[in-house]
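Asks: Input: one structure, supplied below.
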Amino acid sequence: MTGSVKPRVIAIANQKGGVGKTTTAINLGTALAAVNETVLIIDLDPQGNASTGLGIDRKARRVSTYDVLAENLPLANAILDTAVPRLAIAPSTMDLSGLELEIAASRDRAFRLRKAIEGLAGEFGHFSYVLVDCPPSLNLLTVNAMAAADAILVPLQCEFFALEGLSQLLRTVEQVRSTLNPTLSLQGVVLTMYDARNNLSAQVVADVRAFLKDKVYDTVIPRNVRVSEAPSYGKPVLLYDLKCTGAQAYLRLASEIIQRERNLRAA
Ligand code: ADP
Ligand code: MG
């Protein structure tokens, strides 16, 4: 076995539900794998939508992210292959919803995920990207993700209240940076569920770009029914319908992210 490379860890976070975090984890992960990256998705939402959306049966989740974070089991024990080559997942179960209280008194409570990722080695030490699908809350799970991450990716839905809650999220990122993880950066903001027939969507894109400037990816993910159908087949949209606008947008997002990574390394 070759030695391990340090993966680029990206936490996909927004305390609002329904903004496209899980959809982005699944489909960005698939798109990165499609261009030869090796990707691990870590499901940190007790709802387990990333696990289900990738076709992981509940019965197959014998070791979950709960076991890793609560019992310090090796992350490798939870990792399962998916139907997508080079894309693996560490699934979650509802047990995760009780984790916060269970580990609240432990000194390393915010660093459980970081340690788990650092422990990846041997045949599991080859991931180039780790994407963490966060729950819709700024709780200890999300803090674990931020403490473990190199960067945060924030999906924002193209709707009237898109920016609401963002300042709170950015404050949390700032707090994590000053206490737990000084090198954490805001990797970028991706606008999701863009509706070309709706003037409001275009207005939201303009407002968010004016406010966050080059933090916002050029790629905007369109609202596309194929994207929302795919999870019920346990498939990423890139496997369900590669040609649809949603799948193509996630491929563009992946290449933008890879390009930004290259620029960062060159800087
Ligand atoms: P979150 O993880 O932030 O709660 P999800 O990724 O689960 O959000 O998305 C919320 C809902 O919106 C899901 O039903 C999902 O299928 C749907 N959805 C997400 N992105 C799109 C899109 N681009 N087009 C259509 N439906 C989408
Ligand atoms: Mg989700």
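Asks: Any idea what diffusion coefficient the chain gets from Stokes-Einstein, in µm²/s, Kirkwood Rh on alpha carbon pairs, 20 °C, 1.002 mPa s?
Replies: D = 116 µm²/s.
Asks: Which of the lysines could a cross-linker span from K115 if the Cα-Cα distance has to be under 26 Å and same-chain partners fewer than 8 positions apart are dropped?
Replies: Excluding near neighbours in sequence, the set is K6, K21.
Asks: Amide H neighbours of R8 under 5 Å, counting only residues 5+ apart in sequence or on other chains, H built in-plane at 1.01 Å?
Replies: Y129, V130
Asks: With the calculation restricted to Cα positions, what are the radius of gyration and Dmax of segment 1-104 in angstrom?
Replies: 13.7, 41
Asks: Something else about it: Could you go through segment 65-81 in sequence order and give the Karplus-derived ³J(HN,Hα) for each residue, using 6.51 cos²θ - 1.76 cosθ + 1.60 with θ = phi - 60°, rounded to whole Hz, and x for Gly and Pro?
Replies: Rounded to whole hertz, the list is 4, 4, 4, 5, 7, 7, 10, 6, 5, x, 4, 3, 5, 8, 6, 10, 6.
Asks: Counting Lys and Arg as +1 and Asp and Glu as -1, what is the net charge of the other residues whose Cβ lies under 15 Å from the Cβ of G188?
Replies: With Lys, Arg at +1 and Asp, Glu at -1, the neighbours total +3.
Asks: Enumerate the amide H contacts of T93 below 5 Å, restricted to partners 5 or more residues apart or on another chain; note that Pro and chain-start residues carry no placed amide H.
Replies: Close amide H contacts, sequence-distant or interchain: T65, Y66.
Asks: Please work out the Cα center distance from segment 146-224 to segment 31-64, rounded to the nearest Å.
Replies: Spelled out, the Cα-based centre of one part sits 23 Å from the other.
Asks: I need the shape label for segment 46-113. Rule: rounded when a/c is under 1.5, else prolate if a/b > b/c, else oblate, with a, b, c from the alpha carbon gyration tensor.
Replies: Note, shape of segment 46-113 comes out prolate.
Asks: With θ set to phi - 60°, apply the Karplus curve 6.51 cos²θ - 1.76 cosθ + 1.60 along segment 24-29 and write out the HN-Hα couplings as whole Hz, x wherever there is a Gly or Pro.
Replies: 5, 4, 5, 8, 5, x
Asks: Using the Cα gyration tensor of segment 92-234, with a ≥ b ≥ c the square roots of its eigenvalues, what is the shape: rounded (a/c below 1.5), prolate (a/b larger than b/c) or oblate (neither)?
Replies: Prolate, since a/c reaches 1.5 and a/b exceeds b/c.
Asks: Whole-Hz Karplus ³J(HN,Hα) for segment 216-224, in order, using 6.51 cos²θ - 1.76 cosθ + 1.60 and θ = phi - 60°, x for Gly and Pro?
Replies: With the stated coefficients, segment 216-224 comes to 8, 5, 4, 5, 10, 8, x, 6, 8 Hz.
Asks: Related question: Report, in deg cm²/dmol and to the nearest 500, the calculated mean residue ellipticity at 222 nm for the chain, where each DSSP H run with n ≥ 4 adds -39500 (n - 2.57) and the sum is divided by the residue count.
Replies: -11500 deg cm²/dmol
Asks: Give the long-range amide H neighbours of L73: residues separated by 5 or more places, or on another chain, with amide H under 5 Å away, using H modelled in the peptide plane at 1.01 Å from N.
Replies: V68
Rule-based calculations on the coordinates, nothing more; no lab input. None of these values were measured; they are calculated from a predicted model. Because the Cβ atoms are built from the backbone with ideal geometry, glycine has one as well, and the counts that use them run over all protein chains shown.
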